[in-house]
1. What do you reckon, is B:V33 within 17 Å of A:Y41 (Cα to Cα) and either aromatic (F, W, Y) or modelled with pLDDT under 95 (or both)?
2. How many residues does region A:19-29 contain that are facing chain B (nearest Cβ under 9 Å) and either under 21 Å from B:Y25 (Cα atoms) or out of contact with any helix residue (DSSP H, G or I) (no Cβ under 6 Å at 6 or more places or on another chain) (or both)?
3. For B:L38, only one of the following conditions fails: (1) modelled with pLDDT under 95; (2) among the hydrophobic types (A, V, I, L, M, F, W, C); (3) crowded, with 19+ Cβ neighbours inside 10 Å. What is its number?
4. When you go through A:T4, A:T16 one by one, which is the residue that is at the interface with chain B (Cβ under 7 Å from one of its Cβ atoms) and within 25 Å of B:V53 (Cβ to Cβ)?
5. Would you pick out the residues in region A:30-61 that are more than 7 Å from chain B (Cβ to nearest Cβ) and of a type outside the set (A, V, I, L, M, F, W, C)?
There are 2 protein chains.
Amino acid sequence: MIDTFEIIGLIAAVLTTSSFVPQVYKTWKTKSVGNISLTMYIAMFLGILLWLVYGIHIHSISMILANSITAVLTLIMLIFKLRYK
Amino acid sequence: MIDTFEIIGLIAAVLTTSSFVPQVYKTWKTKSVGNISLTMYIAMFLGILLWLVYGIHIHSISMILANSITAVLTLIMLIFKLRYK
């Protein structure tokens, strides 16, 4: 049974994760990552992986969902950054 | 007493939050927010606020810290976006 706060977490997950998608799509189309540095992407990617570990530890479905999808999206951006510098 | 996973959460908080800072600084300096849409910033801001509510509910120090600081940073970007469109 999912409680009210898990629903809030899931809405949060949808909002923050989906807000990444247009940026990934735009990068894909333009092959340009913009001025965000590689270091920043690496920091973000590692941070999201740690949030995922944290989410697994506290058994938070919304954190696991949000951070696994966002980790993949950030990894795609990281690959773009390395490829189309 | 902070356990190992709370330390992982705190490291995650530092990494994901600090990865936002250069973007805010750059926007401040150049007065240009880039091509990320207003809708996306609003979605991200609302999502982060809900993560903050979730973090408060589960008494997660790292989630409260990360999401309150990131909420402020996203709000600054949102204001920039509205002001220097």
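The values are calculated or read from the model by the stated rules, or taken from the named source; none is laboratory data. Computed from a prediction, not measured in an experiment: that's the story for all the values here. Quick reminder, even Gly has a Cβ in these numbers, built from the backbone with ideal geometry, and neighbours come from all protein chains shown.
1. Numbers: within 17 Å of A:Y41 (Cα to Cα): no; either aromatic (F, W, Y) or modelled with pLDDT under 95 (or both): yes.
Taking the combined requirement at face value, the residue does not satisfy it.
2. Within region A:19-29, the first condition is being facing chain B (nearest Cβ under 9 Å), and the residues that meet it are A:19-23, A:26.
Applying the additional criterion that residues be either under 21 Å from B:Y25 (Cα atoms) or out of contact with any helix residue (DSSP H, G or I) (no Cβ under 6 Å at 6 or more places or on another chain) (or both) yields A:19-21, A:23, A:26.
Summing the residues that are facing chain B (nearest Cβ under 9 Å) and either under 21 Å from B:Y25 (Cα atoms) or out of contact with any helix residue (DSSP H, G or I) (no Cβ under 6 Å at 6 or more places or on another chain) (or both) in region A:19-29 gives 5.
3. Of the numbered conditions (1) modelled with pLDDT under 95; (2) among the hydrophobic types (A, V, I, L, M, F, W, C); (3) crowded, with 19+ Cβ neighbours inside 10 Å, the odd one out for B:L38 is (3).
4. Numbers: A:T4 fails: at the interface with chain B (Cβ under 7 Å from one of its Cβ atoms).
Being at the interface with chain B (Cβ under 7 Å from one of its Cβ atoms) and within 25 Å of B:V53 (Cβ to Cβ) holds for just one of A:T4, A:T16, which is A:T16.
5. Across region A:30-61, the qualifying residues are A:T30, A:K31, A:S32, A:T39, A:Y41, A:G55, A:H59, A:S60.
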